[in-house]
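All remarks here apply to the structure that follows.
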């Protein structure tokens, strides 16, 4: 019975645990971790504070977006992901600012389950970087993904521009293209209070090299549309820290 709308654990067979000795997040899988029965009741999410609603909602968004952008042929996952993104675009701001809006809450619960279904295709740089940052600085996972989001998009642009143009058209954005989608992401973040930079998130740059090292061996890194090298991870971190797009 999910009480947040983000991770989509109700349809997942995985869990993330923090190794406190090494400050790393580790992912474990087992078929028997898949729930047999799920009750998704939007009324159970009404009590979420606005910040938690925003952070978990952006986690669902990042799951859908990274799954859609991940390389490989999986049109079913792509279809689930783009509709999940549409639901987030339609509902997240309302859920944050009108917490008793059950329609918005229901759409966000659906988007969370869809994201966790779609990301069986893969994730990418947002998660690969947010996992070490979260483990080292105890930041909210969804908010960390959301902070990294535009900078990872910028990094991956050469590999995803055509896909993002199709997505922008599906969302009926003006002048559909990469730039219009990036503008949409930036506005969404601003409307729900996502920090624009890692500095604003409370992250310093003293462990930037360690984070880059950790990111490239994170299980999510393999799904990035472009190879996530150490130099690339360091560049994304630096851009996100300084707000350079």
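Would you calculate a helix-derived [θ] at 222 nm for the chain, using -39,500 (n - 2.57) for each DSSP H run of n ≥ 4 and dividing by the full residue count, to the nearest 500? Please list the in-between numbers first.
Details: 9 runs with 144 residues, N = 245.
Result for the chain, helices only: -19500 deg cm²/dmol.
If you wrap the Cα atoms of segment 1-132 in a convex hull and average its projected area over all directions, you get 8.3 nm².
In plain terms, the chain from residue 43 to residue 157 could stretch by 37.2 nm, reckoned as 0.36 nm per residue minus the Cα-Cα distance. Between residue 103 and residue 231, the FRET efficiency from the beta-carbon distance, with R0 = 41 Å, is close to 0.35. Rg and Dmax, both from the Cα atoms of segment 98-221 and both in Å, are 15.6, 44.
Quickly rank 55-66, 107-118, 27-38, 4-15 as a protection proxy: mean count of other C-beta atoms within 10 Å, highest first.
Working: 55-66: 28.8, 107-118: 26.2, 27-38: 9.8, 4-15: 20.5.
Taking the mean over residues of other Cβ atoms within 10 Å, the ranking is 55-66, 107-118, 4-15, 27-38.
Give, as ranges by residue number, the residues of segment 1-26 whose backbone N falls under 18 Å from the point 7 Å along Cα→Cβ of residue 138. Those under the cut-off are 17-26. With a Förster radius of 25 Å applied to the beta-carbon distance between residue 34 and residue 170, the computed FRET efficiency rounds to 0.25. Scaling the Cα radius of gyration of segment 75-151 by the globular reference 2.2 N^0.38 Å produces a ratio of 1.19.
Once the cut-off is 27 Å, how many percent of the Cα-Cα pairs in segment 9-242 end up in the long-distance tail? Value for segment 9-242 (Cα pairs over 27 Å): 29 percent. Look at where the Cα atoms of segment 93-132 and of segment 193-245 average out, and the two centres are 21 Å apart.
Would you report the distance distribution of C-alpha pairs in segment 127-175 as whole percents per 5 angstrom bin, up to the bin with the largest distance? In order of increasing distance, the bins hold 5, 20, 20, 17, 17, 11, 7, 3 percent.
Laboratory data are not the source of any read-out in this text; all were calculated from the coordinates shown. As the structure is a computational prediction, the values presented were derived from the model and not from experiment. In this analysis, Cβ positions are derived from the backbone assuming ideal geometry, glycine residues included, and neighbour counts consider all displayed protein chains.
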